[in-house]
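Novice: Handing you this structure, nothing more for now.
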Amino acid sequence: MFEKVLFVLAWLVLGLAAAGVVVPLLPTTPLVLLASALFARSSPRFDAWLRTTRLYKRYVVPFRETGGMTARKKLTMWGVTAATCAVSFLLVEFVPARVMLAAVVVGMGVALVTKIKTITPEEEARRRA
């Protein structure tokens, strides 16, 4: 029974990750990692399948291989999120929603600086080769 719950959660998380490809506020890489962990515990067959998908190869493999992100990728990710949140901030007059949007932008910036290692483009290329 527990495996079935994990399996359903894995698909839900994977769906969010897929949406995160086009919705900047959803962090694609961590969600795909979480889906992989959930599949590994509930269905090794689907975990193996996930690792062959373009989504996994594009977002997770480079991060796992390099152990970090280039400053340019971090800045791009943060910039797109900040721009999206800024538009929402201007369109929404509900103060708690504005506070939440500001917290997302600040929190993501702090996480990118403090939690994810910054690597050079050369290091990224060297580890991929």
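The values are calculated or read from the model by the stated rules, or taken from the named source; none is laboratory data. What you see is a predicted model; the values in this text were computed from it and never measured. For neighbour counting, all protein chains shown are included, and Cβ atoms are generated from backbone atoms with ideal geometry for every residue, glycine included. Just the protein is used for accessible areas: all its heavy atoms, side chains included, with ligands, DNA and RNA removed. Shrake-Rupley method; radii C 1.70, N 1.55, O 1.52, S 1.80 Å.
Novice: Give the residue, chosen from Val105, Val61, Val99, Val80, that is farther than 18 Å from Ala18 by Cβ and open to solvent by 40 Å² or more (accessible area, probe 1.4 Å).
Specialist: Val99
Novice: Identify the residue in segment 1-28 that is within 14 Å of the chain's Cα centre (by Cα), among the β-branched types (Val, Ile, Thr) and assigned to a helix (DSSP H, G or I) and, among all such residues, is modelled with the lowest pLDDT.
Specialist: The qualifying residue modelled with the lowest pLDDT is Thr28.
Novice: Restricting to segment 75-121, and then to whatever is at pLDDT below 85 and assigned to a loop (DSSP other than H, G, I, E, B), can you tell me which residue is farthest from Arg51 (Cα to Cα)?
Specialist: If we take residues in segment 75-121 being at pLDDT below 85 and assigned to a loop (DSSP other than H, G, I, E, B), then Lys115 is farthest from Arg51 (Cα to Cα).
Novice: Which one of these is basic (Lys, Arg), assigned to a helix (DSSP H, G or I) and within 17 Å of Lys115 (Cβ to Cβ): Arg72, Arg64?
Specialist: That would be Arg64, the only listed residue that is basic (Lys, Arg), assigned to a helix (DSSP H, G or I) and within 17 Å of Lys115 (Cβ to Cβ).
Novice: If you take the residues in segment 43-57 that are surrounded by 14 or more Cβ atoms within 10 Å (Cβ to Cβ) and part of a helix (DSSP H, G or I), which one is modelled with the lowest pLDDT?
Specialist: Leu55
Novice: Specify which of the listed residues (Arg98, Arg41) is without any contact (Cβ under 8 Å) to a residue 40 or more places away in the chain and closer than 26 Å to Leu9 by Cβ.
Specialist: From the options Arg98, Arg41, the qualifying one is Arg41.
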